[in-house]
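Peer 1: Sharing a structure below in structure tokens format, with a few things to ask.
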Amino acid sequence: MNNVAWVALAVSVVSACFAGVATWTSRERLRLDLYNRRFDVYCRTLDLYHALLGWKPTELEKTTTSLQNSPELTTAQRAFIKAKSEAQFLFDDASDIKKQLEQIHEDSIAIIGYLRDFFPKLNTGPEFISANEKCDECGKRFHDSIPSLEKKMSQYLNFHTLRAWNFFG
């Protein structure tokens, strides 16, 4: 082999090494992006939970049935709705994560409706008791869903075992 052939071989080997590193980097980047998107779904769920825990409707909200004076809750609710929609592309159907996020959404709407619409107008009677029990049930289910969601999401959020190529296969 002459010198030109050796140089060509060396360039080919170096090019193959660069291609291998680029492939590995792309795979790791995909793995990180997937992890970040899944973790964001979890964070948005917690944000909604905490915003709802500290929320008390204002007098204007009680009369207009809006959330116009509660920007933190409104922002958290919008972000959660977006996360719930994204979850259908990030988690397997068998995990039931999407189903649980839908239940959290329904419970949060029921809690907001009760605190804003029913509680200020009803203060006694069977309707009040029924609505109060429903709100308590929704609140307990929402509260209990956080550890359950953590457990279901743990297999998707373990960065050491997360494999990017499993997502496509």
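The values are calculated or read from the model by the stated rules, or taken from the named source; none is laboratory data. Values in this document were obtained by computation on a predicted structure and should not be read as measured data. Here the Cβ is made from the backbone with ideal geometry for all residues, glycine too, and neighbour counts use every protein chain on show. We work out accessible area using only protein heavy atoms, side chains counted, and drop any ligands, DNA or RNA first. Shrake-Rupley method; radii C 1.70, N 1.55, O 1.52, S 1.80 Å.
Peer 1: Considering only residues that are open to solvent by 70 Å² or more (accessible area, probe 1.4 Å) and at pLDDT below 80, look in the range 26-60 and name the one that is farthest from Pro147 (Cα to Cα). Show your work before the answer.
Peer 2: Residues of the range 26-60 open to solvent by 70 Å² or more (accessible area, probe 1.4 Å): 26-27, 29, 36-37, 39, 47, 50, 53, 56, 59-60.
Now restrict to residues that are at pLDDT below 80: 26-27.
Working: Ser26: 33, Arg27: 30 Å.
Applying the filter and picking the extreme gives Ser26.
Peer 1: Shifting gears a bit: Here are Ala110, Ala83: which of them is part of a helix (DSSP H, G or I), over 17 Å from Phe39 (Cα atoms) and within 21 Å of the chain's Cα centre (by Cα)? Don't jump to the end; show me each part of the working.
Peer 2: On the way: Ala83 fails: over 17 Å from Phe39 (Cα atoms).
The match here is Ala110.
Peer 1: Right, here's the next one. Which ones in the range 113-144 are under 19 Å from the mean Cα position of the chain (by Cα) and farther than 14 Å from Leu52 by Cα?
Peer 2: Hit for the range 113-144 is Asp144, nothing else.
Peer 1: Tell me whether the range 82-98 contains one or more residues that are open to solvent by less than 80 Å² (accessible area, probe 1.4 Å), free of Cβ contacts under 8 Å to residues at least 12 places away in the same chain, of a type outside the set (Asp, Glu) and more than 24 Å from Met153 (Cβ to Cβ).
Peer 2: Taking the range 82-98 first, the residues open to solvent by less than 80 Å² (accessible area, probe 1.4 Å) are 83-87, 90-91, 95-98.
Subset that is free of Cβ contacts under 8 Å to residues at least 12 places away in the same chain: 85.
Retained after the next criterion (residues that are of a type outside the set (Asp, Glu)): 85.
Then keep just the ones that are more than 24 Å from Met153 (Cβ to Cβ); that gives none.
No - not one qualifying residue is present in the range 82-98.
Peer 1: Now for a different question. Just to be sure I understand, how many residues within the range 3-31 are closer than 30 Å to Phe80 by Cα and without any contact (Cβ under 8 Å) to a residue 24 or more places away in the chain?
Peer 2: Taking the range 3-31 first, the residues closer than 30 Å to Phe80 by Cα are 26-31.
If we keep only those that are without any contact (Cβ under 8 Å) to a residue 24 or more places away in the chain as well, we get 26, 29.
Total satisfying the criteria: 2.
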